[in-house]
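Accompanying notes for the structure given below.
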Amino acid sequence: MKDIENTIYTAESFELMRNLPENCFDLIVADGPYAKTVHEWDQVEDIQDFNLQLIKEFSRIMKPGASLYLFGKHNALDFVDYRSYLKLNTRIIWYQPSRLAQGRLNYTDNFDVIYYFSKGRATTYNLDDIRVPQMVELAHRKRCENVPSVKNGKFGKTQFNPKGKNPGNVWGDIKQLTYKSKELVNRKMLNTIQKPEKLMERIIKASSQPGDFVYDPFSGTGTAVKVASRLGRKVCASEYSPELAMISYNRLREVCDDARIDFSYSVDSTLKNMSLA
């Protein structure tokens, strides 16, 4: 496994995964095609079958108890029977009220879905690392805790925690990047490719430990691998676009001294001798 650590591969994700060993990753963060835009990378004929094939391959390379966060839209898994491969724990709604509401024939789609899976029961869920501020006034919360079913019953563990509360499965507190965001790589990546570091940080903190191995099959601008490495995780990623693979590599190199990029899977042989300066 040492030879794939902290490496960005210029490869199609399925091709790379077929060459990876079984049971090797603790967490997979997959922000791939949605089949919703005109971008070349988003052209998938059947997004549900595509996601099912991903889940099958992910289940092979995930360790028992490992987690998967699969990004998509509301219809990404409508008619997919994934149950023999992974367990769906919940659907997280990443709500974006600031999105332009330009729909004229239907309601505007202003959220993404993050499907949270695990291989069997998840072995890692670090709630204390991702708690968010309580929205309810403390005085009211304490009154609620005096209700008998909370004070003496089965809901006793739901009492006020000074560190904050569980973020739940609707995330409206993490905003999309804007043109003014300092972490934005360039304007082409806004909204369609680049996700905010805070979003990846919550996922990685929740479902992995320092030293764990995180895989990103659609690295894009490298947000997930950069954040994971900064948090002390080992990383591996694939990205079909050589341009994006280089962006991912350069962002990973900001936080990882032994970051590598591997062009051996690329169809363009000239990339294998490409300068990494």
### Message
I'd like the residue in the stretch 41-67 that is among the β-branched types (Val, Ile, Thr) and free of Cβ contacts under 8 Å to residues at least 60 places away in the same chain and, out of all such residues, is nearest to Asp81 (Cα to Cα).
### Response
Ile47
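Can you pull out the residues in the stretch 1-17 that are part of a loop (DSSP other than H, G, I, E, B) and either surrounded by fewer than 22 Cβ atoms within 10 Å (Cβ to Cβ) or of a type outside the set (Ser, Thr, Tyr) (or both)?
Hits for the stretch 1-17 are Met1, Glu5, Asn6, Ala11, Glu12.
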#### Entry: Residue ID - surrounded by the most Cβ atoms within 10 Å (Cβ to Cβ), chosen from residues in the stretch 102-118 that are closer than 30 Å to Phe25 by Cβ and at pLDDT below 95
Asp112
### Query
Which residues, counting only those in the stretch 44-78, are surrounded by 14 or more Cβ atoms within 10 Å (Cβ to Cβ) and part of a strand (DSSP E or B)?
Met62, Lys63, Ala66, Ser67, Leu68, Tyr69, Leu70, Phe71, Gly72
### Query
How many residues are of a type in the set (Asp, Glu) and part of a helix (DSSP H, G or I) when one looks only at the stretch 196-251?
3
### Task
Have a look at Asp81, Asp42 and point out the one that is assigned by TED's automatic domain parsing to the domain that holds Ile261 and more than 18 Å from the chain's Cα centre (by Cα).
Asp81
### Query
Exactly one of (1) in a loop (DSSP other than H, G, I, E, B); (2) modelled with pLDDT under 90; (3) under 28 Å from Asp112 (Cβ atoms) is unmet by Lys188. Its number?
(1)
### Message
Checking Ser238 against (1) at pLDDT below 95; (2) under 26 Å from His39 (Cβ atoms); (3) in contact with a strand residue (DSSP E or B) (Cβ under 9 Å, 6 or more places away or on another chain): exactly one of these is not met. Which one?
### Response
(1)
### Query
Do the conditions hold for Gly211, that is, is it at positive phi, at pLDDT 95 or above and surrounded by 22 or more Cβ atoms within 10 Å (Cβ to Cβ)?
no
### Message
Can you pull out every residue in the stretch 18-43 that is closer than 22 Å to Glu243 by Cβ and not in a loop (DSSP other than H, G, I, E, B)?
### Response
Val29, Ala30, Glu40, Trp41, Asp42
### Query
What is the one condition in (1) closer than 23 Å to Ser219 by Cβ; (2) more than 16 Å from the chain's Cα centre (by Cα); (3) outside any strand (DSSP E or B) that Arg121 does not satisfy?
(1)
### Query
With (1) of a type in the set (Gly, Ala, Ser); (2) modelled with pLDDT under 95; (3) closer than 28 Å to Asp258 by Cβ as the list, and Ala35 as the residue in question, which single condition is left unmet?
(3)
#### Entry: Checking Val235 against (1) under 15 Å from the mean Cα position of the chain (by Cα); (2) over 20 Å from Phe58 (Cβ atoms); (3) of a type in the set (A, V, I, L, M), the condition it does not meet
(2)
### Task
Determine whether the stretch 119-130 contains at least one residue that is of a type in the set (S, T, N, Q), loosely packed, with under 14 Cβ neighbours inside 10 Å and modelled with pLDDT of 95 or more.
yes
### Task
Of the numbered conditions (1) over 29 Å from Ser59 (Cα atoms); (2) at pLDDT 95 or above, Pro133 fails exactly one; give the number of that condition.
(2)
### Message
So, Gly103, is that one free of Cβ contacts under 8 Å to residues at least 24 places away in the same chain and not aromatic (Phe, Trp, Tyr) or not?
### Response
yes
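The values are calculated or read from the model by the stated rules, or taken from the named source; none is laboratory data. Being a predicted model, the structure only gives us computed values, none of them experimental. Note that we place each Cβ from the backbone using ideal geometry, even for glycine, and neighbour counts take in every protein chain shown.
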